1. Mind listing whichever residues of segment 214-224 are buried (at least 16 other Cβ atoms within 10 Å of the Cβ) and not β-branched (Val, Ile, Thr)?
2. Give me the pairs, please: first residue somewhere in segment 118-141 and in the same structural domain as residue 161 (by TED's automatic domain parsing), second residue anywhere and in a helix (DSSP H, G or I) and hydroxyl-bearing (Ser, Thr, Tyr), beta-carbon distance under 8 Å, and either six or more positions apart or on two chains.
3. State yes or no: is residue 115 crowded, with 18+ Cβ neighbours inside 10 Å, without any contact (Cβ under 8 Å) to a residue 40 or more places away in the chain and assigned by TED's automatic domain parsing to the domain that holds residue 155?
4. Being buried (at least 20 other Cβ atoms within 10 Å of the Cβ), in the same structural domain as residue 124 (by TED's automatic domain parsing) and either touching a Lys or Arg at 6+ places or on another chain (Cβ under 9 Å) or farther than 18 Å from residue 122 by Cα (or both) narrows it down to one residue among 193, 199; which is it?
5. Of these, 97, 160, 185, 126, which one is within 30 Å of residue 13 (Cα to Cα) and either surrounded by fewer than 20 Cβ atoms within 10 Å (Cβ to Cβ) or at pLDDT below 90 (or both)?
6. Tell me, which residue of segment 27-52 that is closer than 16 Å to residue 91 by Cβ and of a type in the set (A, V, I, L, M, F, W, C) is surrounded by the most Cβ atoms within 10 Å (Cβ to Cβ)?
7. Exactly one condition in (1) in contact with a His (Cβ under 8 Å, 6 or more places away or on another chain); (2) under 30 Å from residue 177 (Cα atoms); (3) of a type in the set (A, V, I, L, M, F, W, C) is not met by residue 10; state its number.
Amino acid sequence: MNIEENPTSWVERRERRARALAALGDPTRLGAMDLLAVQDLSPDALSAALEVPGNLLAHHLKVLEIAGLVQRVQSKNDRRRTYVHAAADGMAGLLPEPGFLETARVLFVCTHNSARSVLAEALWREASDVPSASAGTHPADRINPGALQAASRLGLHLEEHPPQRIEDVLRTDDVVVSVCDAVNEELNPLGNIRIHWSIPDPAATGTPVAFDAAVEELRERVSHLAPRVRHRRSRISSRKASR
């Protein structure tokens with residue numbers, strides 16, 4: 001998600017991670033890495049500890065070597081012997097690293113701008129200093145009372161501004177987060193960075209349980225995204241992207 005990263009280096013790291021993770025996708029090889037985490041072992045010792053014959057262990061060690069996870073070194077005492085040890089930083093960076101975005105503002109969008117998007121905007125204000133706004137493709141006349149009641153129950157401050165059309169709010173440097181499938185599927189192509197969250201519409205049932213569930217799912221999504229978004233001063237004036 002780091003939009004400033006060199007695409008070539010990102011692809012190379014991804015390929016290296018794929019090789020290493022594929023190498024670890026075997027119980028014997030994974031067991032070998034567990035044993036080598038804090039010690040160096042001879043192939044004989046590894047073979048005994050893992051209860052596999054030497055020829056099979058040789059195959060597994062070759063796979064781990066090719067993936068850059070282990071290395072063989074000669075004994076400093078008896079040059080006929082070798083030891084296997086985990087490569088320095090061989091396991092580093094295998095899991096996805098949080099990327100980041102830089103943006104002047106995050107814009108949450110749903111169909112009516114009366115529930116999910118305004119709840120997401122309120123949750124974002126609690127979690128991040130990056131400015132936020134919300135809008136809809138077909139704005140309602142008012143914020144859904146169920147959303148207001150859910151916010152009150154859950155201690156969430158909801159600004160009661162009238163729902164707004166996306167064309168009146170969108171800026172060219174916004175990161176756009178669609179929080180309903182309809183918007184994601186009907187929104188015209190934009191030059192903006194787009195993120196989509198498939199959040200069920202609590203207004204479809206209108207129950208307090210549905211609205212509370214929407215808030216909690218949005219809260220979880222916001223908590224994952226917020227640390228990965230950094231504020232960048234807007235590069236444009238207050239003009240709208242549709243102009």
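The values are calculated or read from the model by the stated rules, or taken from the named source; none is laboratory data. The structure presented is a predicted model; accordingly, all values stated were derived computationally and were not measured. Here Cβ is always computed from backbone atoms with ideal geometry, including for glycine, and neighbour counts include all displayed protein chains.
1. Listed by number, the residues that qualify are 214, 217, 218, 219, 221.
2. From residues that are in the same structural domain as residue 161 (by TED's automatic domain parsing), the pairs are 127/223; 134/117; 135/117; 136/117.
3. So residue 115 does not fit the description; no.
4. When all the criteria are applied, what remains is 199.
5. Only one candidate qualifies: 97.
6. 32
7. (1)
Condition check ((1) touching a helix residue (DSSP H, G or I) at 6+ places or on another chain (Cβ under 7 Å); (2) at pLDDT below 85) across all residues:
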{"position": "3", "(1), (2)": "no, yes"}
{"position": "6", "(1), (2)": "no, yes"}
{"position": "15", "(1), (2)": "no, no"}
{"position": "18", "(1), (2)": "no, no"}
{"position": "21", "(1), (2)": "no, no"}
{"position": "24", "(1), (2)": "yes, no"}
{"position": "28", "(1), (2)": "yes, no"}
{"position": "43", "(1), (2)": "yes, no"}
